1. Of all residues in segment 37-58, which are under 21 Å from residue 169 (Cα atoms) and free of Cβ contacts under 8 Å to residues at least 12 places away in the same chain?
2. In segment 82-97, which residue that is under 12 Å from residue 19 (Cβ atoms) and among the charged types (D, E, K, R) is least open to solvent (accessible area, probe 1.4 Å)?
3. How many residues are out of contact with any strand residue (DSSP E or B) (no Cβ under 8 Å at 6 or more places or on another chain) and surrounded by fewer than 13 Cβ atoms within 10 Å (Cβ to Cβ) if we restrict to segment 40-76?
4. Which members of segment 98-123 meet the condition of being closer than 18 Å to residue 43 by Cβ and assigned to a strand (DSSP E or B)?
5. Name the one entry in 117, 87 that is modelled with pLDDT of 95 or more and among the aromatic types (Phe, Trp, Tyr).
6. Please enumerate the residues belonging to segment 98-140 that are among the charged types (D, E, K, R), touching a residue at least 24 places away in the same chain (Cβ under 8 Å), open to solvent by 60 Å² or more (accessible area, probe 1.4 Å) and touching a strand residue (DSSP E or B) at 6+ places or on another chain (Cβ under 9 Å).
7. Look through segment 1-15, keep the residues that are of a type outside the set (D, E, K, R) and under 19 Å from residue 60 (Cα atoms), and return whichever of them is modelled with the lowest pLDDT.
8. Would you mind telling me which numbered condition in (1) outside any helix (DSSP H, G or I); (2) open to solvent by 60 Å² or more (accessible area, probe 1.4 Å) residue 79 fails?
Amino acid sequence: MKAKIGKRELKMINELVSHFENQTHLFSVVLDSMNSNIEHSPVLKKLIHSKKSRIKDPSHLRDKLERKLFDSKLKRKPFDINKENLFLKINDLAGFRIIHLHTKQFEKIDKELKRIFIEQQWKIIEGPNARTWDDESRSYFRSINVETSDNPNMYTSVHYIIKPNNNSNITCELQVRTLMEEVWGEVDHSINYPHKSESISCREQIKALARVTSSCSRLVDSIFTTHEHEVSSKMNSISKRKRK
């Protein structure tokens, strides 16, 4: 049975949402700075397919706060979000996403992002953390020392939580994922956010789509690996002929 929200709790949530709405310009500044640094990085320009950013819709924040309130009631725990810690407790109020073509590009993207974070004195609060359900994907991220988390919802993406400096309480969620993972993520988000679809057919088809897009990602990885191997072999052959 769904818990009810009392008048005092409703007032508290209204105040939290209003507080966020009055401060959205701060999140815009963080996203603009992130975009500028990524846009002007010659390394990332070669690796990134596309990027996007957004500030959370206030109605989605309200929904999230209500869900957290219901959850705290069910667990008989105090609801500990207030104006002072709202921006630290809810880390996805500003979101930035980097989309790339194949999995092995991530290592270079991660290295360049960390260089930018150090140069700009941004602090990594969490991550990188690869959320994945695929064994091969998990194995790759572990091989490059990236922490992984199992995701039973069949979601795959690498997450960072950053903030502009040690004194700021503004945070931003940065996601890095392949183009195929983006396809699944966008379909799932449209159908299951902010509330999961009650349609069994939709839920089953989204699971099937996760396996199809994972296979497509694997095929794209294989194509790029083959291409790089053939280009390297050709260059070696030319070098040998020149030495003769």
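1. Within segment 37-58, the first condition is being under 21 Å from residue 169 (Cα atoms), and the residues that meet it are 37, 53-58.
Across segment 37-58, the qualifying residue is only 57.
2. Of all residues in segment 82-97, those under 12 Å from residue 19 (Cβ atoms) come to 82-87, 90, 93.
Add one more test, that the residue is among the charged types (D, E, K, R), and what stays is 83-84.
Details: 83: 94, 84: 142 Å².
It comes out as 83.
3. Taking segment 40-76 and keeping what is out of contact with any strand residue (DSSP E or B) (no Cβ under 8 Å at 6 or more places or on another chain), we get 40-43, 45-46, 57-76.
Checking the rest, the ones that are also surrounded by fewer than 13 Cβ atoms within 10 Å (Cβ to Cβ) come to 40, 42, 45-46, 57, 59, 67, 71, 74-76.
Total satisfying the criteria: 11.
4. Start the filter on segment 98-123 by keeping residues that are closer than 18 Å to residue 43 by Cβ, which leaves 98-120, 122.
Passing the criteria: 98, 99, 100.
5. Being modelled with pLDDT of 95 or more and among the aromatic types (Phe, Trp, Tyr) holds for just one of 117, 87, which is 117.
6. Those that are among the charged types (D, E, K, R), touching a residue at least 24 places away in the same chain (Cβ under 8 Å), open to solvent by 60 Å² or more (accessible area, probe 1.4 Å) and touching a strand residue (DSSP E or B) at 6+ places or on another chain (Cβ under 9 Å): 123, 126, 131.
7. Out of the qualifying residues, it is 3.
8. Of the numbered conditions (1) outside any helix (DSSP H, G or I); (2) open to solvent by 60 Å² or more (accessible area, probe 1.4 Å), the odd one out for residue 79 is (2).
The values are calculated or read from the model by the stated rules, or taken from the named source; none is laboratory data. Note that this is a predicted model, so its numbers are computed, not measured. Note that each Cβ is placed from the backbone with ideal geometry, even for glycine, and that neighbours are counted across all protein chains shown. With ligands, DNA and RNA removed, areas are computed over all heavy atoms of the protein, side chains included. Shrake-Rupley method; radii C 1.70, N 1.55, O 1.52, S 1.80 Å.
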